[in-house]
Amino acid sequence: MSGWRTILVTKPCRLSMKDLQLVYEPKDAERITVALEDITVIVLENNQATMTTALLSMCAEKNIALFSCDSYHMPNGSFIPFHQHSRLSQIAHIQVEMKLPLKKQIWQKIITQKIINQSLALKYFKIDNIQLELLIDKVKSGDSENLEALAARRYWSLLFDDFTRDQKKLDPRNVALNYGYAIVRGAVARSLVSYGLLPTFGVFHHSELNAYNLADDMIEPLRPMVDMVVKRLEREDELDANMGNGIKSALINVLVMQMRLDGEDVTVLHLCDVMAQSFVNAMKFNDVSRLKLPSIT
């Protein structure tokens, strides 16, 4: 049985493991147990939550995505299993030596799929998406004309009214987007590492101050899934800058939402693994067609 539960820890508590069960012991409430095999994600939001090393180790073994949060309750770290892939050194060398033409082809494919998914997100909400559809076939190798930025300007103006995408603005929509992206970014990074990749070395993002350049590349086609949740929350008048637990739970649950790949519906969390594995294959065979990227259903 594959995991399906997301655990948001908001109260002071002790987290431990017994008989392959997560044991949640809050200070002022009854103990709760959950089978580890049922869990996909744990988000530690309260800074007075403690966790045993046995549970931490089992999260790595069970491939459970584990996130920490800062004093503003925003995800600021993810726990990544160490050396799960038996050929880590070989894959790392292939990644570091990847040639520029392949990097440019991969980035072209990533941005094309991102724009497709942005267009499908607009279509889902019955918003005219023709402005984005016109860009899909125009993305060149390496996105040399920066159509990603043009698509983004059109996309945000259509998806939200009176909105500017700015990570530092306290617009509830920006706050929610930041939270959702951080969760998905952590899941992408975890999958990259589990397949022997080094998240530091991206195909487009290349900041020396960013340990997750490749994760920031690979997340792009997945971002519209977060956007759709935020749009739905806005329409239902459930957004606020204080980010209540209901909003956070909805954004964490993006990881168990489904997208379409190879004719099948697959969860975002599993897609992170599929994308990482296919990225390795694209590198090994110098063939961008081996890179698998999902679309919105």
Would you mind getting me the FRET efficiency between residue 127 and residue 206? Use the beta-carbon distance for r and R0 = 25 Å, nearest 0.05.
0.15
Let me know the Rg and Dmax you get for region 143-243 when you use only its Cα atoms, in Å.
14.9, 43
Which order results if 185, 153, 5, 232 are arranged by neighbouring Cβ count within 10 Å, fewest first?
153, 232, 5, 185
So how do 293, 222, 198 line up by other beta-carbon neighbours within 10 Å, fewest first?
198, 293, 222
Any idea what diffusion coefficient region 10-148 gets from Stokes-Einstein, in µm²/s, Kirkwood Rh on alpha carbon pairs, 20 °C, 1.002 mPa s?
112
Report the Stokes-Einstein translational diffusion coefficient (µm² s⁻¹, integer) for region 5-79, Rh taken as the Kirkwood radius over Cα pairs, at 37 °C with viscosity 0.692 mPa s.
267
Between residue 14 and residue 37, what length comes free when the chain is fully extended (0.36 nm per residue of separation minus the Cα-Cα distance, one decimal in nm)?
6.3 nm
Order of 205, 93 from fewest to most other C-beta atoms within 10 Å?
93, 205
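Readers should treat all values here as calculations from the given coordinates under stated rules, not as data from a laboratory. What you see is a predicted model, and the numbers here were worked out from it, not measured in a lab. Counting neighbours? That spans all protein chains shown, and the Cβs are built from the backbone with ideal geometry, glycine included.
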